[in-house]
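Q: Dumping the structure here so I can ask a few things about it.
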Amino acid sequence: MTDERSGFSRRRFLRTLGLAPFVWGYANRLDAAAQSPITRPIPASGERLPVIGMGSWITFNVGDDVTAREQRVRVLQHFFARGGAVIDSSPMYGSSEEVIGHCLRRIGGETPRFSATKVWTWGRAFGQQQMARSEQLWATKGFDLMQIHNLLDWETHLPTLRERKAQGRIRYIGLTTSHGSRHTDLERIMRTEPIDFVQFTYNVVDREAERRLLPLAAERGIAVIVNRPFQGGALFDRVAGQALPEWAGEIGCANWAQFLLKFIVSHPAVTCAIPATSRVDHMQENMGALYGRLPDTALRQRMVRWVEAL
């Protein structure tokens, strides 16, 4: 096949065969797909969420620091601009909820956000007070998702969350853990209680959730949010100085953040991963994982072998 300079291009050749409309139309569809954010449905409703969200542990706990707050405004602006929606926080995270509220007010307008926070205290009355305080900090009249943080006093809080859901004050109910030692407890709740979301740790080296929690979530129709996708930054230490494998380009990975995130969200039971960052450039890297192809089963296994060999 000759090139354009020879006077007989690929496009002209395909046109002579009557294939040009099909081939170029297919190419355009592929390009459009590459520019569309990857989403997953919430099993309880079918509502679709972008697979890359934003956590706020440590990164948004900046108190009254004016400069740091304005930097977080820019981080959140880029998150929305690149198609993000799920913002996850907790009363446990210091000033993070207050700072998120500040950022949302500064940005203004109708952002397509999916607000997710947690109750993290003992007792029904304290739980109700804490959730009301979170609404004040976020400047919202309700939340898309309210989660029981690290299963703390979950038997007490779960009936309260169901009441608030019936009242329209929250749309979904969830439970979280970031401790592998609580997987058995979480599994028992998933099997016996009607909940919409669970949140736990899963990444390319911490794959315990593949054994029971992820299959059970798929079986029970429970959405999954993945926390600590980079092991609190430890995975970046592990790959420091290492070049991406050439085949990472097959799924559009331009950096290690996208490599690590695409491994997570390519699991069919995962709804969303929530990396946390305080930097715009890191947010740019993270949000790149929201676009392009995801690895299939064979490539996922290759990714595991590659990282484990480092």
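Q: Any residue in region 46-53 that is touching a residue at least 60 places away in the same chain (Cβ under 8 Å), in contact with a Leu (Cβ under 7 Å, 6 or more places away or on another chain) and open to solvent by 10 Å² or more (accessible area, probe 1.4 Å)?
A: Checking region 46-53: at least one residue is touching a residue at least 60 places away in the same chain (Cβ under 8 Å), in contact with a Leu (Cβ under 7 Å, 6 or more places away or on another chain) and open to solvent by 10 Å² or more (accessible area, probe 1.4 Å).
Q: Additional query: So the check is Cβ under 7 Å with 6+ separation or different chains; which pairs have a first residue in region 114-125 that's under 18 Å from VAL198 (Cα atoms) and a second one that's outside any helix (DSSP H, G or I) and among the aromatic types (Phe, Trp, Tyr)?
A: SER115/PHE143; ALA116/PHE143; THR117/PHE143
Q: Could you tell me whether THR277 is of a type in the set (S, T, N, Q), open to solvent by less than 20 Å² (accessible area, probe 1.4 Å) and in contact with a His (Cβ under 9 Å, 6 or more places away or on another chain)?
A: So THR277 does not fit the description; no.
To keep it simple, each residue is scored yes or no on (1) out of contact with any Phe, Trp or Tyr (no Cβ under 7 Å at 6 or more places or on another chain); (2) over 30 Å from THR121 (Cβ atoms); (3) open to solvent by 20 Å² or more (accessible area, probe 1.4 Å); (4) not basic (Lys, Arg).
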position	(1), (2), (3), (4)
ARG164	yes, no, no, no
GLY180	yes, no, yes, yes
GLU187	yes, no, yes, yes
LEU216	yes, no, no, yes
ARG220	yes, no, yes, no
VAL224	yes, no, no, yes
PHE236	no, yes, yes, yes
LEU244	no, yes, yes, yes
LEU260	no, yes, no, yes
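The values are calculated or read from the model by the stated rules, or taken from the named source; none is laboratory data. What you see is a predicted model, and the numbers here were worked out from it, not measured in a lab. Positions of Cβ are generated from backbone atoms using ideal geometry, with glycine treated the same way; all protein chains shown enter the neighbour counts. These accessible areas exclude ligands, DNA and RNA; they are computed on the full protein's heavy atoms, side chains included. Shrake-Rupley method; radii C 1.70, N 1.55, O 1.52, S 1.80 Å.
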